[in-house]
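J.: Structure incoming, see below.
The values are calculated or read from the model by the stated rules, or taken from the named source; none is laboratory data. What you see is a predicted model, and the numbers here were worked out from it, not measured in a lab. So basically every Cβ, Gly included, is an ideal-geometry build from the backbone, and we count neighbours across all protein chains shown.
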């Protein structure tokens, strides 16, 4: 077993709480932006160790210019090229702090990154490391895709291994290279293994997860730059290296369960055969392929361009992944490359089709799931069909509409158990605002049969289904209204995202188009407030307030001082993407709620007696 984590705050005078190890190699043209983003972190009790893997460009001059102005910077230049594992290992060995953040040049870092990581490890003292969601950025700096895992804020390492790592046939890691780890646990695990070259970090995370918990932050605090902007300067190791790391991890994890080990090794070799079979296609469409001689020459010319001055440390980070960076000129696209891109898109479509099939099978069962999936694709009226589905683990059934988000909401509620929290005592009063078709209300009512559930939904079609889904539950009271900060008529508007994402706006609000100019007025409905609900139903306390109201939470919490003391716990999905400032208003209001938990996109805050 690894030694217990060192308590927070026990670092000597002159010793920072965090050591940041920034690995770099031949990217002087990107390093200045990376340094600026790291030094602009809201958490500032850290030392910055810049580990240069024997770069041949102007990296030493760039770092020297910054170090002359910033005493937290320590520059370490390797005498020869050690590779990723050797370079990072040297930086970790020099780190003074127990908490070590491992970062790389070229990525885009949110100013809150270190703050969130430190808080996550503080909340999970058994965790060996913390990682977060990631954004994949395009050449223009825009977000192309967000990689987010369905994990709690603190999970046992075996959950990470068995649910994610060992189920990925492509041997991909949910943890990218950027993490914050505890030095004591890193040393106890044996550090980075240079046998695994570029994927030594993956092997390390597999070993750390074996005997420790892992912390997770669901916010995408790191942007992974496009390869058009930040090209790879080396060829990755053969695929057999990553397969070996996963094989050793499986043997290590299941060594005391021989029968399970046999089954897992059969799974591993099946995955390995699939990996080998698609290898030629991956090599053709992957951005990891060896650069052509022309690309190599172009990159060398880019690296030799004169660097800009260091500028002020107070300058904000560059906008997006590419602002202030020297971009490589576009090369001509060959017919073969177009063909490979089409193959890649077809594979991506096939992958999404498999995920869709799994959702339908999880919801309806194998036969009905595949039938309803096909109908949803070819028959427009499938979305109006209501199918009865038995709720797993409960003696109730609900109606689900194929071809709509009902399917994913059902799976999130009942399969993933999004609302399965451990309360000190069962809640007696639950308000479900944004109840949609009653799937969450049904869950609450059947899980807590002694609780009174008040389900609020503004849309007429959703409300009708809500009433039918909860008709057999005497402890559910359905209310058609929109939760708001005052009693008035409001407009229900459709931003074009489907019935699950209808939004509320004040009547005649000139800014009601919000972020979606294509939104049109849907209908007018009465608004209801939390104080009105408390008075109408004679409530002395709301044990659980569940909110999924598509941005209206900003308005609700702006005037929450009069009723918030009567709430024991709040389960909320924040929608800053629809209404900027939702998170800020929410966290301002619930500052005295000591406990916070995250599950997917849902945040739960709870009082000490909750």
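J.: Tell me which residues, restricted to the stretch 519-561, are assigned to a strand (DSSP E or B) and free of Cβ contacts under 8 Å to residues at least 12 places away in the same chain.
T.: none
J.: Shifting gears a bit: Determine which single condition residue 23 fails, assuming it passes every other condition in (1) under 23 Å from residue 196 (Cα atoms); (2) assigned to a loop (DSSP other than H, G, I, E, B); (3) at pLDDT 90 or above.
T.: Among (1) under 23 Å from residue 196 (Cα atoms); (2) assigned to a loop (DSSP other than H, G, I, E, B); (3) at pLDDT 90 or above, the lone unmet condition for residue 23 is (2).
J.: Does residue 513 count as closer than 19 Å to residue 427 by Cβ, modelled with pLDDT under 90 and within 31 Å of the chain's Cα centre (by Cα)?
T.: Taking the combined requirement at face value, the residue does not satisfy it.
J.: Would you confirm whether or not the stretch 194-203 contains a residue that is over 21 Å from residue 264 (Cβ atoms) and without any contact (Cβ under 8 Å) to a residue 60 or more places away in the chain?
T.: yes
J.: Can we say residue 224 is over 25 Å from residue 129 (Cβ atoms) and modelled with pLDDT under 95?
T.: Spelling it out, it is not the case that residue 224 is over 25 Å from residue 129 (Cβ atoms) and modelled with pLDDT under 95.
J.: Here is a follow-up. Working only within the stretch 463-485, note down all residues that are part of a loop (DSSP other than H, G, I, E, B) and within 18 Å of residue 552 (Cα to Cα).
T.: 480, 481, 484, 485
J.: Separate question: For residue 436, work out the one condition from (1) assigned to a loop (DSSP other than H, G, I, E, B); (2) closer than 24 Å to residue 373 by Cβ; (3) touching a strand residue (DSSP E or B) at 6+ places or on another chain (Cβ under 6 Å) it doesn't fulfil.
T.: Condition not satisfied by residue 436: (3).
J.: Quick one: which residue in 208, 160 is touching a strand residue (DSSP E or B) at 6+ places or on another chain (Cβ under 6 Å), buried (at least 20 other Cβ atoms within 10 Å of the Cβ) and over 23 Å from residue 17 (Cα atoms)?
T.: 160
J.: In the stretch 204-233, how many are under 30 Å from residue 583 (Cβ atoms) and without any contact (Cβ under 8 Å) to a residue 40 or more places away in the chain?
T.: Qualifying residue count for the region: 0.
J.: Residues in the stretch 110-117: is at least one assigned by TED's automatic domain parsing to the domain that holds residue 33, in contact (Cβ under 8 Å) with a residue 12 or more places away in the chain and closer than 22 Å to residue 76 by Cα?
T.: The answer is yes, given that some residue of the stretch 110-117 is assigned by TED's automatic domain parsing to the domain that holds residue 33, in contact (Cβ under 8 Å) with a residue 12 or more places away in the chain and closer than 22 Å to residue 76 by Cα.
J.: Can you name the condition, by its number, that residue 493 falls short on among (1) out of contact with any helix residue (DSSP H, G or I) (no Cβ under 7 Å at 6 or more places or on another chain); (2) farther than 24 Å from residue 413 by Cα; (3) modelled with pLDDT of 90 or more?
T.: Failed condition: (3).
J.: Among the residues of the stretch 290-298, is any surrounded by 15 or more Cβ atoms within 10 Å (Cβ to Cβ), at pLDDT below 60 and either under 28 Å from the mean Cα position of the chain (by Cα) or assigned to a helix (DSSP H, G or I) (or both)?
T.: So far as the stretch 290-298 goes, yes, one or more of its residues are surrounded by 15 or more Cβ atoms within 10 Å (Cβ to Cβ), at pLDDT below 60 and either under 28 Å from the mean Cα position of the chain (by Cα) or assigned to a helix (DSSP H, G or I) (or both).
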